[in-house]
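Notes follow once the structure below has been shown.
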Amino acid sequence: MNKSNIPLWLTGAVILLMGWIAFDMLRPPARGGAGASASIAAVRTAKVPVLVEFYADWCGPCKVVGPMVEELSRELQGKALVIRINIDEQPKVAREHGISGIPTFIAYQSGRETARQVGGIPKEKMRELLGL
């Protein structure tokens, strides 16, 4: 590489970086998967057990358990309600439920909290929290 080309390379790198940042900022935010349309209010009125996962997109353990939560939601359709809440998108809800670590799983029966587990857990443990 010729020393006279260094400013050209640096300029290209800066332009590329700025384009990447702009593209990332314009991208629509990711929405929660399983039960994203269901709100936390559904916990109080649900006739079936409810499992709420509090997570964040940047959380490593959340990324690991996320597909299991999605799968569990499909498996338990009609038997239980599975809701995922992104704490970055809904920080007020996370504060109201005393979330201090993620992922946090909270199980509800008849609108009352029956179990809570912090950290990545296997699908069988999620079923156990629901009492299924």
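The values are calculated or read from the model by the stated rules, or taken from the named source; none is laboratory data. Note that the structure is a prediction, hence the values are computed from the model and not measured. A quick note on method: Cβ atoms are made from the backbone with ideal geometry, for glycine too, and the neighbour counts reach across all protein chains shown.
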| For region 60-74, does any single residue satisfy the condition of being out of contact with any helix residue (DSSP H, G or I) (no Cβ under 6 Å at 6 or more places or on another chain) and part of a loop (DSSP other than H, G, I, E, B)? | no
| task | With respect to Ala38, determine if the residue is of a type outside the set (S, T, N, Q) and either closer than 30 Å to Leu81 by Cα or at pLDDT 85 or above (or both). | result | yes
| query | So, of the residues in region 111-132 that are of a type in the set (Gly, Ala, Ser) and loosely packed, with under 15 Cβ neighbours inside 10 Å, which turns out to be modelled with the lowest pLDDT? | reply | Gly111
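Which of the residues that make up region 72-99 are touching a strand residue (DSSP E or B) at 6+ places or on another chain (Cβ under 8 Å) and of a type in the set (S, T, N, Q)? Talk me through it step by step, then tell me what you get.
The first filter runs over region 72-99 and keeps only residues touching a strand residue (DSSP E or B) at 6+ places or on another chain (Cβ under 8 Å), leaving 72-73, 76, 80-87, 93-94, 97, 99.
Listed by number, the residues that qualify are Ser73, Asn86.
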| request: Name the single residue, out of those in region 38-78 being farther than 19 Å from Glu89 by Cα, surrounded by fewer than 17 Cβ atoms within 10 Å (Cβ to Cβ) and among the polar types (S, T, N, Q), that is farthest from the chain's Cα centre (by Cα). | output: Thr45
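Quick one: count up the residues across region 100-112 that are in a strand (DSSP E or B) and out of contact with any strand residue (DSSP E or B) (no Cβ under 6 Å at 6 or more places or on another chain).
Step one: list which residues in region 100-112 are in a strand (DSSP E or B), which gives 104-109, 112.
Subsequent filtering for residues that are out of contact with any strand residue (DSSP E or B) (no Cβ under 6 Å at 6 or more places or on another chain) retains 109, 112.
Final tally of qualifying residues: 2.
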